[in-house]
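Inspection log for the structure reproduced underneath, given as structure tokens.
The values are calculated or read from the model by the stated rules, or taken from the named source; none is laboratory data. Here the structure is a predicted model, which means the values were calculated and not measured. When we count neighbours, we look across all protein chains shown, and the Cβ atoms used for this are built from the backbone with ideal geometry, even at glycine.
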Amino acid sequence: MIIDQAANLREMMGKTRDVRVISVASGKGGVGKSSISVNLAIIMSRLGKRVLILDADFGLANIDVMLGITTRLDLRYFLKGEKTIQEIIQLGHEGVRFISGGSGVSELINMSNEQLESMLSTIVHAASDTVLDAPIDVIIMDAGAGVSNTIMQTLLASSETIVVTTPEPTAFLDAYALVKTIVKHDATHPLHLLANKCEKPREAQSVLEGFVNACGRHLGKNINPLGLISYNHNITTSIKRQMPITVSDPYCATSREIDIIARSLLNMPVRESGGVLSRVFSRILRP
């Protein structure tokens with residue numbers, strides 16, 4: 001069922017303008033998935049892409065809070081037929097648009113598979129539509145944590161998925177469980193691995209490489225090691241201030257590391273400057 005519905009969505013996406021849909025997922029909460037989604041979107045916008053964030057942690061959404069924007073418009077108004085998708089798209093930092101998934105909204109938490117498929121289809125069509133001032137180039141879907149059917153359907157409907165983890169063993173085990181579940185449903189789905197909150201660069205690099213090798217050996221799945229992001233206590237401060245780190249401190253090591261990751265995803269040249277983890281990972285990327 002999940003595979004069929006996800007395939008229908010991908011087929012639909014292929015018939016629209018070339019919109020790249022990147023889902024961001026994690027095996028467990030608290031690894032920084034939403035923060036990465038927001039900051040990647042901001043960097044991609046700076047790099048000239050028109051970006052839309054879909055808060056796909058339905059019913060438990062927080063993207064609007066992280067952006068410091070108060071909005072009463074969320075996906076429930078679309079589900080009720082009171083608003084169109086275009087009417088609930090909000091404008092955030094650096095020209096990034098977003099759709100709130102609502103918080104504590106039972107209609108969103110209890111969506112049927114058919115409702116989810118219809119909603120995602122409508123969003124992709126809206127992103128391609130000239131009713132906006134300009135069509136969207138990239139949709140970043142901040143998915144919920146875990147391996148529920150709704151999350152799987154959301155991830156498999158995207159063009160590719162970034163799996164976010166931290167170097168802690170429990171986080172890596174949950175990330176592996178997520179990858180295993182994705183591969184079980186669709187072995188061809190493109191996957192990237194991103195390690196966040198890394199305090200020891202070389203140790204994190206070693207764990208990252210071990211994870212990628214384990215997925216290749218035990219699951220037969222090639223995963224792109226997307227990068228490492230260093231631990232930065234200012235991230236917590238930026239979240240409390242509701243100001244993304246790439247806006248509040250655009251030249252810090254963390255912002256530069258996110259810039260490298262965004263450029264890698266967009267196949268753009270990577271600048272040589274950056275923090276310790278940036279330099280370490282740049283060496284990994286070199287042939």
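Could you list, in sequence order, the residues of region 224-264 that are touching a strand residue (DSSP E or B) at 6+ places or on another chain (Cβ under 9 Å), over 17 Å from SER45 (Cβ atoms) and assigned to a helix (DSSP H, G or I)? Within region 224-264, ILE235, ALA253, THR254, GLU257 meet the criteria. Output yes when any residue across region 64-84 is closer than 27 Å to THR170 by Cα and buried (at least 20 other Cβ atoms within 10 Å of the Cβ), and no when none is. Scanning region 64-84 turns up at least one residue that is closer than 27 Å to THR170 by Cα and buried (at least 20 other Cβ atoms within 10 Å of the Cβ). Looking at GLY220, is it on the phi > 0 side of the Ramachandran plot and out of contact with any Leu (no Cβ under 9 Å at 6 or more places or on another chain)? When the stated conditions are applied, GLY220 passes them. Residues of region 265-281 that are in a loop (DSSP other than H, G, I, E, B), modelled with pLDDT under 85 and among the hydrophobic types (A, V, I, L, M, F, W, C): VAL270 alone. Considering region 182-209, the residues that are part of a helix (DSSP H, G or I) and small (Gly, Ala, Ser) include one that is farthest from the chain's Cα centre (by Cα), namely SER206. Filtered by the rule that a residue be surrounded by fewer than 20 Cβ atoms within 10 Å (Cβ to Cβ) and closer than 22 Å to SER118 by Cα, region 54-63 gives a lone residue, LEU60. All conditions but one from (1) without any contact (Cβ under 8 Å) to a residue 40 or more places away in the chain; (2) surrounded by 16 or more Cβ atoms within 10 Å (Cβ to Cβ); (3) not charged (D, E, K, R) apply to PRO169; the one that does not is (2). Restricting attention to region 133-159, the residues that are surrounded by 16 or more Cβ atoms within 10 Å (Cβ to Cβ) and either among the hydrophobic types (A, V, I, L, M, F, W, C) or over 12 Å from ILE22 (Cα atoms) (or both) total 18. I'm trying to understand the selection: among the residues of region 117-173, which are touching a Ser or Thr at 6+ places or on another chain (Cβ under 7 Å) and among the hydroxyl-bearing types (Ser, Thr, Tyr)? Once the filter is applied, which keeps residues that are touching a Ser or Thr at 6+ places or on another chain (Cβ under 7 Å) and among the hydroxyl-bearing types (Ser, Thr, Tyr), region 117-173 yields SER128, THR154, SER158, THR161, THR165.
All of LEU120, LEU108 fail the test of being touching a Gly at 6+ places or on another chain (Cβ under 9 Å), among the aliphatic types (A, V, I, L, M), in a helix (DSSP H, G or I) and more than 20 Å from GLY32 (Cβ to Cβ), apart from LEU108.
Kindly check whether there is at least one residue in region 108-116 that is among the small types (Gly, Ala, Ser) and modelled with pLDDT under 85. If you could, list the steps in order and put the result at the bottom.
If we filter region 108-116 for residues that are among the small types (Gly, Ala, Ser), which is where we start, we get 112.
Then drop every residue that is not modelled with pLDDT under 85, which leaves 112.
Checking region 108-116: at least one residue is among the small types (Gly, Ala, Ser) and modelled with pLDDT under 85.
Any chance you could count how many residues in region 33-88 are touching a strand residue (DSSP E or B) at 6+ places or on another chain (Cβ under 9 Å) and among the charged types (D, E, K, R)? Looking only at that region, the number is 7. Taken over region 210-223, residues that are part of a helix (DSSP H, G or I) and exposed (fewer than 15 other Cβ atoms within 10 Å of the Cβ) amount to 5. The residue that is modelled with the highest pLDDT, among those in region 161-177 that are in a helix (DSSP H, G or I) and in contact with a strand residue (DSSP E or B) (Cβ under 6 Å, 6 or more places away or on another chain), is ALA175.
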